[in-house]
Amino acid sequence: MRTVVIPVDLHARPAGRLTLAAAGFEATTMILAGERSADARSVLAVMSLGATAGAEVTVRSAGPDAEAAVDALATVLATAD
């Protein structure tokens, strides 16, 4: 599990990049923002989190490649533009 501060609102473009990255892993990965959570493989679910620039977002994963998935998705979120 890793928490990052996102530099931009989690709108369609960064959510799309996140879901593409998540699709490359076998692990099940969830994105948490405040009280809400979303499957990292669903663009609409990720966008529905309503996370805005400066928000803390947590990446949590379970499965055979969970650690790599958390690292990759946290990087995508932290460098979103």
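Some values worked out for this structure:
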quantity: Filter result for Ala15 (surrounded by 15 or more Cβ atoms within 10 Å (Cβ to Cβ) and touching a Leu at 6+ places or on another chain (Cβ under 9 Å)); calculated: yes
quantity: Residue, nearest to Gly63 (Cα to Cα), within region 18-40, restricted to residues that are without any contact (Cβ under 8 Å) to a residue 24 or more places away in the chain and surrounded by 13 or more Cβ atoms within 10 Å (Cβ to Cβ); calculated: Asp39
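A short reminder: the numbers here are calculations on the coordinates, not readings from a lab. What you see is a predicted model; the values in this text were computed from it and never measured. Ideal geometry is used to build each Cβ from the backbone, glycine not excepted, and the neighbour counts take in all protein chains shown.
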